[in-house]
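Everything below concerns the one structure shown next.
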Amino acid sequence: MSGIGGSSPAEQLAAITPWDRIAAPISLDERLARIEKARKLTRDSGADALIIGAGTSLRYFAGVPWGGTERLVAMLIPVTGDPLIIAPYFELGSLSAEMQITAEFRLWQEDESPTALVADACRAWGVGTLAIDPALPFLFVDRIAKSAPGLSLISGAAAVDGCRMHKSPAEIALMQQAKSMTLEVHRRAALTLREGICASEVIRFIDQAHRAIGGAGSTFCMVQFGHGTAFPHGVPGDPELREGDMVLIDTGTTVQGYHSDITRSYVFGQANDEQRRIWDLEKAAQAAAFAAARPGAPCESVDQAARDVLEAAGLGPDYALPGLPHRTGHGIGLSIHEPAYLVRGDTTPLGTGMCFSNEPMIVIPDRFGIRLEDHFYMAEDGPRWFTEPQVAIDAPFG
């Protein structure tokens with residue numbers, strides 16, 4: 001077992017040094033260019049303004065890393081003119097400290113209506129149609145409609161996704177740092193394995209390792225052994241590792257909000273013939289998906305390329321098991337799952353700067369599952385791996 005076992009969590013944590021290839025933060029000029037692109041896409045969609053709620057899109061445009069709550073924090077972007085921020089009065093100091101752009105604030109007290117401020121701004125700007133952030137809760141959409149009954153509301157997905165799907169070189173550099181760090185954590189986690197170790201101990205090590213290397217801890221971590229690997233998102237409990245178990249570890253971190261998400265599958269001990277056969281098919285399916293990711297091709301063609309490999313080997317078809325029970329991949333960036341998707345029915349053409357997971361998992365019900373997950377971005381002439389795929393079932397890191 002090359003690179004599996006032989007060490008301990010304490011030894012591996014002691015050997016980690018903070019990441020020294022630090023990607024630059026997103027610049028003010030890039031954020032302003034994003035807002036300008038959003039204006040154009042909003043205008044093209046037939047709307048006069050776009051509202052962005054707290055969450056990953058507000059972070060994308062304004063640099064504010066706040067999640068949404070029952071209190072409306074939002075940015076209004078008119079197709080002409082400067083954006084403004086709607087926020088609770090008591091949050092002004094905290095919000096100002098986080099803002100990476102200049103914008104006017106319209107503030108509301110706890111007994112006032114924030115959506116009335118949205119309606120007032122739309123009236124002042126002459127907005128007839130407002131594009132809504134697709135992640136804005138219905139709670140606020142409903143209140144906007146009641147505060148401005150003459151306002152037409154449409155989806156803002158064309159503007160939001162149209163901006164966020166295509167990553168800039170600066171975004172790709174931040175994602176590269178996050179993914180490279182997670183791959184190194186994966187490598188060290190494999191070295192800590194021993195018979196009898198509990199999944200919870202591995203999960204704890206991976207979170208500590210992500211922090212030690214410079215990430216924001218583990219944004220998620222799934223560690224499954226043996227039978228548990230047959231479930232794409234695992235099963236409850238705290239299994240102990242046994243000789244001959246399939247190991248599936250899926251984890252990630254963030255760098256300035258940008259996600260990593262990498263899965264490795266290997267055997268603790270000697271892999272049997274069936275484990276090797278299925279692992280080889282998984283690797284072939286992942287490679288076929290990557291090869292199919294050509295500029296201009298529809299996203300769904302990447303999913304089909306992986307399924308063709310599996311169906312030719314007698315797995316599936318479609319989502320039937322044994323086989324691939326879910327899509328081949330998802331977009332990734334400030335959200336761990338975001339448009340577009342490598343799945344049948346998504347005809348979005350692949351274009352420069354789009355970033356995806358490539359993870360056509362194979363599930364053998366009641367026995368084991370294998371998922372190899374790496375990510376790629378689209379360059380002008382085709383896909384590029386962020387991390388090199390796993391080499392072999394018994395040498396996961398070369």
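A few notes on this one:
- Within the range 225-273, restricting attention to residues that are open to solvent by 10 Å² or more (accessible area, probe 1.4 Å) and of a type in the set (D, E, K, R), the residue that is nearest to Leu58 (Cα to Cα) is Asp250.
- Within the range 384-395, residues that are acidic (Asp, Glu) reach partners that are open to solvent by less than 30 Å² (accessible area, probe 1.4 Å) with beta carbons closer than 8 Å, at six or more positions or on different chains, in the pairs Glu388/Asp374; Asp394/Ile4; Asp394/Tyr266; Asp394/Val267; Asp394/Ala271.
- Taken together, Ala209, Ala189, Ala199 contain a single residue that is under 13 Å from Ile4 (Cα atoms) and over 18 Å from the mean Cα position of the chain (by Cα), which is Ala189.
- Answer from Arg106, Arg123 - the residue that is open to solvent by 30 Å² or more (accessible area, probe 1.4 Å), in a strand (DSSP E or B) and out of contact with any Lys or Arg (no Cβ under 7 Å at 6 or more places or on another chain): Arg106
- Residues (of a type in the set (A, V, I, L, M, F, W, C) and within 24 Å of Lys167 (Cα to Cα)) located in the range 245-288: Val255, Ile262, Ala287, Ala288
- Lone qualifier among Ser27, Ser57, Ser8 - being buried (at least 19 other Cβ atoms within 10 Å of the Cβ) and of a type in the set (Ser, Thr, Tyr): Ser57
- The range 28-57 residues that are closer than 20 Å to Ala148 by Cβ, paired with ones that are of a type in the set (Lys, Arg) (beta carbon under 8 Å, 6 or more apart): Leu50/Arg39
- All of (1) touching a helix residue (DSSP H, G or I) at 6+ places or on another chain (Cβ under 7 Å); (2) part of a helix (DSSP H, G or I) hold for Asp142 with one exception: (1).
- Scan of the range 40-75 for residues that are over 25 Å from the mean Cα position of the chain (by Cα) and under 22 Å from Gly126 (Cα atoms), ordered by number: Lys40, Arg43, Asp44, Ser45, Gly46, Ala47, Asp48, Ala49
- When we screen Ala190, Ala159, Ala131 for residues that are open to solvent by less than 40 Å² (accessible area, probe 1.4 Å), modelled with pLDDT of 95 or more and not in a helix (DSSP H, G or I), the only hit is Ala131.
- Test: residue in the range 196-210 that is modelled with pLDDT of 95 or more, under 27 Å from Ser57 (Cα atoms) and not in a loop (DSSP other than H, G, I, E, B): yes
- Filter result (of a type in the set (S, T, N, Q) and in a loop (DSSP other than H, G, I, E, B)) within the range 86-103: Gln100, Thr102
- Residue-level analysis places Leu315 among those that are farther than 28 Å from Phe61 by Cβ and either part of a strand (DSSP E or B) or at pLDDT 95 or above (or both).
The values are calculated or read from the model by the stated rules, or taken from the named source; none is laboratory data. The structure displayed is predicted, hence computed values, not measured ones. FYI the Cβ positions are ideal-geometry reconstructions off the backbone, even for glycines, and counts take in every protein chain you see. All accessible areas refer to the heavy atoms of the entire protein, side chains included, with ligands and DNA or RNA removed. Shrake-Rupley method; radii C 1.70, N 1.55, O 1.52, S 1.80 Å.
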